[in-house]
Each structure stands twice: as structure tokens, then as C-alpha cells.
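Chemist: Below are the C-alpha cells for one structure; questions will follow.
The values are calculated or read from the model by the stated rules, or taken from the named source; none is laboratory data. Keep in mind it's a predicted model, so treat the numbers as computed, not measured. Note that each Cβ is placed from the backbone with ideal geometry, even for glycine, and that neighbours are counted across all protein chains shown.
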Amino acid sequence: MTQRRIPYLILAPGLILLILFLVLPLISIIFPTFFNGGITFSNYTAFFLDEYNFGIFWRTIKVSLIATLICVVVGVPTAYYISQSPKKWRGLLMSITLFPLLTNSVVRSFAWITILGQDGIVNHALLTIGLISKPLTLLYTEFAIIIGSVYLFLPLMVITLVGILENIDSEIMEAAETLGANRLIAFVKVILPLSVPGIIVGSILVFTGSMTAYTTPQLLGGNRNIMLATFLYQNATALGNWQGASVIALIMIVATLIVMKLFNLIAGRLDKRGEVSA
Amino acid sequence: MRKNVGLKIFAILVFAFLLIPLLIIIVTSFGTNPTIQFPIKGFTFEWYSKVFTNESFTDSFSLSLEVAFIATLLALVIGVPAAYSLARHEVFGRNWIKSFFLSPTIVPGLVVGYAMYQFIVIKFQFPIIQGLLLGHFLICLPYVIRVVGSTIEQLDFSIEEVSWTLGCTKLQSFSKVVLPNITSGIFASFMLAFINSFNNIPVSQFLSGPGVTMLPTSLMNYIEYNYDPSVSALSVILMLGTIILMFIIEKTLGLASIS
Amino acid sequence: MSYVELKDIRVSYDNKSNILKDLNLSIEKGELVSLLGPSGCGKTTTLRVIAGLIEPNDGEFLVDNKNLTKVPVHKREFGMVFQSYALFPHLTIKENVAFGLKLRKEKKAAIGKRVEDILAITGLEELGDRYPKQLSGGQRQRVALARALVIEPKLLLLDEPLSNLDAKLRLAMRIEIKRIQSQLGITSVFVTHDQEECFSISDRVAVMNKGVIEQFDTPEEIYKNPKTEFVARFIGFENFFELTLTEDWKYRAVDGTFFESTGKYDQAKRTGTIRPDDIEITASNESSTNNMVAGKIKVRTFLGKSYQYEVETPIGTLLANKADDVIYQVGDMVTLFIPAHKLIIV
């Protein structure tokens, strides 16, 4: 009956385009990485065994982890503040948070060049006050990438959390306080557990974003601090190592998937409500 | 409403952290010094006029606009009916298909750009611009599916059923009853997709060539070799554009709908 | 042959369990028939089969001798009112009502006139240029009705149209619907779970349970002579007690008491039932004649116009109502008399 086929006809164009231009290209670059004489994982084992490569991989994980942690620690109270604000302020605060997100990431990362550079604002200020006698190397360090990543993804964490926190009944805090909890304890024991789904979703977004980011490491990391994404680009262009680039590509995809699964598992443990999808 | 002073100070610091870097850029865009400096000495608009006369900036700006526009349009044309079908029809493997449509968000942008470059441009000799359009289409599609999909799910199904009893075919019902009532979702997803396509760097990194460069890429290239305030000026122009867009969205939909 | 016929309709979603099976229903022209029952009984499914929104797995559906089983929804020309009213949010009231007419490519002037007329009949004249969100629940309901009626449908189908209104409006609106329906003489099928609402306006009622029509009769007949235990319970009968049939149409209860009933029943029926209002209470504790049983009062509740007594008797716990001319206390021994013409066997 043609009636039954109609949904498939409607979905077909999108599906075909996705298969042709996402799935096939991915398969075509990933497939060859498993061949080295015969079918093998050797390209991947070689990657991880190489000290230099592993260092890049580890740096990427480390930086992303730290950035995510900072975003959680900074983001939760900020989101809480916004969610408790009177309605008329909330709009403004959300706009302030949203604005950086909608601004180009080149602009956002570039701002930190001005701040962290040798001639930058921080060094300038510290020199003038007399705290240091020589400019600090802040730019082109892992520290710079971390700050840049936090700057990039903090709004994402905050916005995700505000959504969840707004749904928490404000009377719950009051109920906790009537039962004897002071404000801090009530926050830690009541609000925090309830906001775990939001923290998990936000963390997934921040972590995977940092892990796969290209702009920030490129602008703020320099050639000494390469992350997976910049490494891929380097291999594909400057080094002409297509094979290597493809290996990195699959590692990035798999790492993203593993991280998502891991965070969801943690979420499942911490929160009785079940799995969260980003 | 009891105020927790510590929290308030903390929040203010965070907002300052978010805004101050951008404010610094704005200030540096007016400096007379040939390199970026803060605080600035002197005041000039010359960097802004430099931006408008810089061909690589203006060309890449129009290209970014074009690509974002076409990619978003394509995403809407394909995505709106698909979102409708996923919400309303009993399709085998519905959830899998929906996840599949959203999958571009899981693949790192750089990888998408790289894969597409290898496959489409190198292997099949497509012009780069087509690869660019397709790559950006992949970025835009998930926004349409997600936003329009949820708008349709919130629409009362019985208004479609009642239109059938009044004599509409399924197609007439879609155009006369469904579409007019999901315009807010379509508009919101258009805005989101457009902004994210325009600002996108990773996908466009590989898919660029002579005459085919997107604005963020061109800006990045410029920064690699130059450190003059025209970068700041261009940044300010882009920020202004963002503010205008946010204003439009607020007036039509309310910003809450896209956050 | 009735105007509307449902023949042996079967509906099943997974081919393991049936939502409707062997469903048969005949409706005469101009009748208002209700489908009454608890949620899940299949009444909405039946209505949607009639509308064409569900295609039955087996069976036939005929209107005016034409087989419409395979005819798609948009060609059936039935008017339907949904529980949520389903007004088009993006159109004004006038545009909502005119929607069906515009599809039929009627002339603009003719459409305008017919819309005006129907708005007048449904009391909506002033509201033509407003939007649904500006209207109250009752007004929206009338718009949904007007929109369905203006196309002069062969059938009017109403799916719990009054459920979302408050009690007072429900009463007013059901009278409105009946008035308009009789005035226009339009054959209608009305789905509801509210027994009182249903009985007040229907010509005939089909009481449904688990996909089956247990009784299809006039409201008066169902009220007086429910045919099954389910129907009896649904319409307010309490006091179900076991009986065995003896010769010459007497029934014997578990404690040996004999009961007589004036009705004629199928031999298979074994349960006696009576409304609490119909049981007569006296203070003596003798149970010497037929249709009488003695008992002790366990609970007394106040119903307003009467008291309700829960009485423990040898044939079971019975509920009996009595006006406040004589008030009994908990622990009193009383005799309950069950009149033969009020005793129903199901």
C-alpha cells in the first residue's frame, strides 16, 4: 500500500544525503586505517605506543578534563544564581551568558591572545605593579588552552544547568531548611543531587567540545602544545600524512563516544532517574 | 528572597570574566597603534575602514553568508518534512533514524570536514564549494530536526485529524494546518542553524581553497601573520551582527526558545 | 436496513488481542446514539472507526446503504468534534468554521452566509473575528460544533466533547447540543463516560465494556432493566447477591430465602441486584415472607436527601437508602424488603 511507503519517501532524501556525505566519506577514510598488509589494528597500536603521539592524546584528555572540572565548579553556582534571580533579571543574565556562545570562536579565542601575550594585559599589569620583573609566558601554554576552552564552553554549561535548575521546585530548599538544614547543606544535599543530570549533560558537551576543538588550541596553544584536532590538521596538510590523519580522526570519534557512554554510566549511578541523552 | 552575598559576588565575577575579554577587543579596535594594544592611545576608525576594504575579509564574509543561507535553507527543505514524519508516522526504527539524523553532532567538525574533503573533493572531484555547502548542510540539519521536531510534538494532533474530517488530504493538511502553526519552530531552527554555520570553523578548515574561504578561516589566517587592530574591528562588527540577531530573535520568539 | 450499520467490526493493533471484536451497531437516521463506558472499553475506537481514522481489521461500515469501509477520512463527509476541540490556532473563528466549506470550493458569498447562520445557531455571532486563544472553554466548544455542522455532514461524531468543561457548563452545553441536533435532525454518535450526561440527551445508548456492546437500548430501558452485571453496576445498582433458579420462576438465595421477580430472564442468569433506593427498611427482625432478609446495621452515612445504611445480612452486605423520617443507629437489627418489581436478575 503506497500509504505505508510515504514516510519513507519523505525521510529518504535526508537519509540519502547523510549516507552519501557523512557515512560514506567517514568509512572511506577510516577503512584504510585498518589495513597494513592485512586487517590489523597495528596503525592504532603504533599511534599510542609512540611517545610523541601519546603525549598529544594525553594532553588533549588532560586539558579537556581540567576545563570540564572548572566549568562544573564555576558553572553550578552561577547557574544557581541565575535560576534564583527574579524573572526580570533572568532574561538579561541569560542574554549575557548566551552572547559569547553566539559569537565566533575565533573572536573569543583571539581575545585571550591580547590578554595573555608577552605584551598582553596581564603581563603589563603585573609588571607595572611590580609583582614580576620579567613577562610570564602565559600564551602558547596548556594553561592558555585551558582558559580558552573554559571561556568557550562555560556558557554552554551554565545554560544547560539553568534549564534543569529552573525545574527544581523552589519550595524544596525551603522544605529542607524547615527540616534543619542551613543554606549550604541544603544546597549540597538537595539541589546538587537534583542537578546531576544537567551537570552530566553539560560535562559531556564541554568535554567533547574541548577534546575536538580546533580553533582554541590552534590560536592559543602554538606549535608546542598540539591537541588531537590540530594534530589531525597538521598531518593532513603540512605533513601530507593522510593515513595518520585518518587514524586520528577515528580516535577522536571513538573517544567522543566512549566519553558520552562513560558520563552516562556515571549519571546512572549517581541519579536514580536513569540515562540522560545529550 | 534572601540574598546570599557570596554567591552574588561570585556570579558577578563570572559574568565579568565572560564579558571583559570582549570589551577589551572592542576598545582595542579604536587604537591608533599599528599593533593591538590595551589600553589604547588615541582614537580612530581607520581599522574599520581597513576591514571594509580588505578583499579577503569582504569576499569571505559574503561567502559565509551565502553558504550559511543556502545550507540552512536546504536543511529546512529536507528537515521539516523529515521531522514531521518522525513525529507523526509509525516508522520502523524511528528512534534509530532520528539518532542518525542527529549524528553529525557527535562527529567532530574537523573530522567531518576532513572526510568530506577526502571523499568528495579529492576522490570525486567535486568543486570545493559544493563540498562546503554539503558540509554545512550536515551542521544545520540536526538543529532543524531537533527544534522543529519538538515543536511538532507539542502540536495537538487532533487539529490535523479534524482537518481530515473537514475534507483535507494529508498534504493539504500539512500545508494549511501544520506549517502555519510551526513557524516559530522553523524560525528558531533557522536562526540557530544559520548562526552555527556562519561561525563554524572546523568543517570549513579543510574545505577551503583559492577564492573559496569562509570568514572565520580568513580571520584565523590573518591572525597568524598579523596582529593589528583590524582583527579587533572585524570582531566588533561580528559581535554587532550577533547582537542584532539576538535582538531580532528576542522580539519574535523570545530568546528562551533557543536556549 | 438502518441508516448507519457497523457489521462484525474487528480492530486489533498487534493481532494478539482485540480492541473490538464482532462489533455490530445499527443507527437510525436522525438519532442521537451514545457510546457509554469506562476508559478502555473501546468507545473512542468505535467512533474513530466510524470517522475513518482507524481502519478495521475485519468487518464493514455502511451509511445509507453505501459501503464506506475503505473510504478515506477526507471523503466521508462526517463532522467531528474532538475532546480538545482542536480549533486551528492560526485562524479566526470565522475562518475556522469556514475551513471545510473553503475546501469544497463553495462560492465566497455562500460561505459567508452559511458561516453567519451557523454562528447564530450556536450563539457565537459576536466572536467571529477573534482567535481561539481569546475564547473561553465553552465558547471554543461551540466553535468546534459549528465548524463540524456547517458542512452539513451525514453524521456528527462527538468524542467526549464536554469532558473539559466545568460541571455547570457541561449541563448547559449538553442541552445546547441536543437542541441543535434535534433542530437540524442530524444523525449523531456521542462518546462519553458520564452516565447522567449520556442518558439525558440520547435516543439510544450502547453500554460498552472491553470492546463489546453489553446493552443497546433507550436510556429508560437500560435504567429500569439492565441486562448484565456490568451494565447494572455502571448505572448505579449495588447489592449483588447469588441466587439459584428453582421451579416456577422462584429464586433461592444462599440462606434459603426465596425471591421473586416480575421480569422474565434468561435461565443462565444468577445474580440478583437492586438499587439502594429501592430497598425498603423496617425495624422488625423477622424474615418470614419471600423477598425479605434480616440484618444488622454496620455503617450509616449521610447523603443529603437520605441516609445510606450498610447492612450485614446472611446473603451478603447490602446498601439501603432511607429518608430521614426514621433514622436507625449502628447496631440496630432491621428487616430489608426487596420488592419483586424492583429486583433485577443479571
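Results for (1) on the phi < 0 side of the Ramachandran plot; (2) of a type in the set (Lys, Arg); (3) outside any helix (DSSP H, G or I); (4) facing chain B (nearest Cβ under 8 Å), shown as yes or no for each residue.
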site	(1), (2), (3), (4)
A:Thr97	yes, no, no, yes
A:Val106	yes, no, no, yes
A:Leu126	yes, no, no, no
A:Lys134	yes, yes, yes, no
A:Ala144	yes, no, no, no
A:Leu161	yes, no, no, no
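Chemist: Additional query: Can you name the number of the only condition in (1) at positive phi; (2) outside any loop (DSSP other than H, G, I, E, B) that C:Ala320 fails?
Modeler: For C:Ala320, the exception is condition (1).
Chemist: Can you pull out every residue in region C:79-121 that is surrounded by fewer than 23 Cβ atoms within 10 Å (Cβ to Cβ) and away from every other protein chain (no Cβ under 14 Å)?
Modeler: Listed by number, the residues that qualify are C:Lys94, C:Lys107, C:Lys108, C:Ala109, C:Ala110, C:Gly112, C:Lys113, C:Glu116, C:Asp117, C:Leu119, C:Ala120, C:Ile121.
Chemist: For the structure I just gave you, tell me whether B:Lys123 is of a type in the set (Lys, Arg), surrounded by fewer than 20 Cβ atoms within 10 Å (Cβ to Cβ) and facing chain A (nearest Cβ under 10 Å).
Modeler: In short, yes.
Chemist: Which members of region A:214-260 meet the condition of being hydrophobic (A, V, I, L, M, F, W, C) and within 8 Å of chain B (Cβ to nearest Cβ)? Steps first, answer last, please.
Modeler: Let us first name the residues in region A:214-260 that are hydrophobic (A, V, I, L, M, F, W, C), namely A:219-220, A:226-229, A:231-232, A:236, A:238-239, A:242, A:245, A:247-255, A:257-260.
Residues satisfying the conditions are A:Leu219, A:Ala229, A:Leu232, A:Ala236, A:Trp242, A:Ala245, A:Ala249, A:Met252, A:Ile253, A:Leu257, A:Met260.
Chemist: Can I ask one more? Would you kindly identify the strands (runs of 3 or more DSSP E) lying entirely within region C:207-314 that contain at least 1 residues that are of a type in the set (S, T, N, Q) and buried (at least 16 other Cβ atoms within 10 Å of the Cβ)? Steps first, answer last, please.
Modeler: Working: elements: C:212-217, C:238-245, C:251-253, C:271-274, C:280-282, C:292-302, C:307-313.
It comes to C:212-217, C:238-245, C:271-274, C:307-313.
Chemist: Looking at (1) crowded, with 21+ Cβ neighbours inside 10 Å; (2) without any contact (Cβ under 8 Å) to a residue 60 or more places away in the chain, which is the one condition that is false for B:Met116?
Modeler: Failed condition: (2).
Chemist: Can you tell me which condition A:Pro86 does not meet? The list is (1) touching a residue at least 12 places away in the same chain (Cβ under 8 Å); (2) farther than 27 Å from B:Val236 by Cβ; (3) over 24 Å from the mean Cα position of the chain (by Cα); (4) at the interface with chain B (Cβ under 9 Å from one of its Cβ atoms), and all the others hold.
Modeler: The number of the failed condition is (1).
Chemist: Another question about this same structure. Would you say B:Met239 is outside any loop (DSSP other than H, G, I, E, B) and either without any contact (Cβ under 8 Å) to a residue 40 or more places away in the chain or under 14 Å from A:Arg108 (Cα atoms) (or both)? Step through it out loud before you land on a result.
Modeler: On the way: outside any loop (DSSP other than H, G, I, E, B): yes; either without any contact (Cβ under 8 Å) to a residue 40 or more places away in the chain or under 14 Å from A:Arg108 (Cα atoms) (or both): yes.
Criteria met by B:Met239.
Chemist: Among the helices (runs of 4 or more DSSP H) confined wholly to region B:177-233, which include 3 or more residues that are farther than 16 Å from B:Val51 by Cα and within 11 Å of another protein chain (Cβ to nearest Cβ)?
Modeler: Numbers: elements: B:183-199, B:202-206, B:215-225.
In region B:177-233, B:183-199, B:202-206 are the helices (runs of 4 or more DSSP H) which contain 3 or more residues that are farther than 16 Å from B:Val51 by Cα and within 11 Å of another protein chain (Cβ to nearest Cβ).
Chemist: Answer with yes or no whether B:Val162 is modelled with pLDDT of 90 or more, more than 12 Å from chain A (Cβ to nearest Cβ), surrounded by 21 or more Cβ atoms within 10 Å (Cβ to Cβ) and in contact with a Lys or Arg (Cβ under 9 Å, 6 or more places away or on another chain).
Modeler: Numbers: modelled with pLDDT of 90 or more: yes; more than 12 Å from chain A (Cβ to nearest Cβ): yes; surrounded by 21 or more Cβ atoms within 10 Å (Cβ to Cβ): yes; in contact with a Lys or Arg (Cβ under 9 Å, 6 or more places away or on another chain): yes.
Yes.
Chemist: Let me ask you something else. Would you check which residues across region A:223-262 are of a type in the set (S, T, N, Q) and in a helix (DSSP H, G or I) and list them? Lay out the reasoning, then the answer.
Modeler: Narrowing region A:223-262 to residues of a type in the set (S, T, N, Q): A:223, A:225, A:230, A:234-235, A:237, A:241, A:243, A:246, A:256.
Listed by number, the residues that qualify are A:Thr230, A:Gln234, A:Asn235, A:Gln243, A:Ser246, A:Thr256.
Chemist: Could I ask something else about it? Restricting region B:1-59 to residues that are among the charged types (D, E, K, R), within 13 Å of chain A (Cβ to nearest Cβ) and in a loop (DSSP other than H, G, I, E, B), which is nearest to B:Thr213 (Cα to Cα)?
Modeler: Step one: filter region B:1-59 for residues among the charged types (D, E, K, R), giving B:2-3, B:8, B:41, B:46, B:50, B:55, B:59.
From the residues that got through so far, the ones that are within 13 Å of chain A (Cβ to nearest Cβ) too are B:2-3, B:8.
Going one step further and asking which of them are in a loop (DSSP other than H, G, I, E, B), we end up with B:2-3.
Values: B:Arg2: 53, B:Lys3: 51 Å.
The qualifying residue nearest to B:Thr213 (Cα to Cα) is B:Lys3.
Chemist: Considering region B:79-105 alone, what residues qualify as being of a type in the set (S, T, N, Q) and over 20 Å from the mean Cα position of the chain (by Cα)?
Modeler: Just the residues of region B:79-105 that are of a type in the set (S, T, N, Q), to begin with: B:85, B:95, B:99, B:103, B:105.
B:Ser85, B:Asn95, B:Ser99 - these are the residues of region B:79-105 that are of a type in the set (S, T, N, Q) and over 20 Å from the mean Cα position of the chain (by Cα).
Chemist: State which residue is modelled with the highest pLDDT when the search covers only region C:260-292 and only residues that are within 29 Å of the chain's Cα centre (by Cα) and over 15 Å from C:His341 (Cβ atoms). Steps first, please.
Modeler: Within region C:260-292, the first condition is being within 29 Å of the chain's Cα centre (by Cα), and the residues that meet it are C:261-280.
So of that shortlist, the ones also over 15 Å from C:His341 (Cβ atoms) come out as C:266-271, C:276.
Numbers: C:Asp266: 77, C:Gln267: 74, C:Ala268: 74, C:Lys269: 73, C:Arg270: 83, C:Thr271: 88, C:Pro276: 91.
By that ranking, first place goes to C:Pro276.
Chemist: Between B:Val80, B:Val107, B:Val111, which is crowded, with 18+ Cβ neighbours inside 10 Å, on the phi < 0 side of the Ramachandran plot, part of a loop (DSSP other than H, G, I, E, B) and among the aliphatic types (A, V, I, L, M)?
Modeler: Values: B:Val80 fails: part of a loop (DSSP other than H, G, I, E, B); B:Val111 fails: part of a loop (DSSP other than H, G, I, E, B).
Every option except B:Val107 fails the conditions.
Chemist: Turning to a different aspect of this structure: Going through region C:188-222 one residue at a time, which ones are under 21 Å from C:Ala51 (Cα atoms) and of a type in the set (S, T, N, Q)? Steps first, answer last, please.
Modeler: Applying the first criterion (under 21 Å from C:Ala51 (Cα atoms)) to region C:188-222 yields C:188-193, C:198, C:202-213, C:216.
C:Ser188, C:Thr192, C:Ser202, C:Asn209 - these are the residues of region C:188-222 that are under 21 Å from C:Ala51 (Cα atoms) and of a type in the set (S, T, N, Q).
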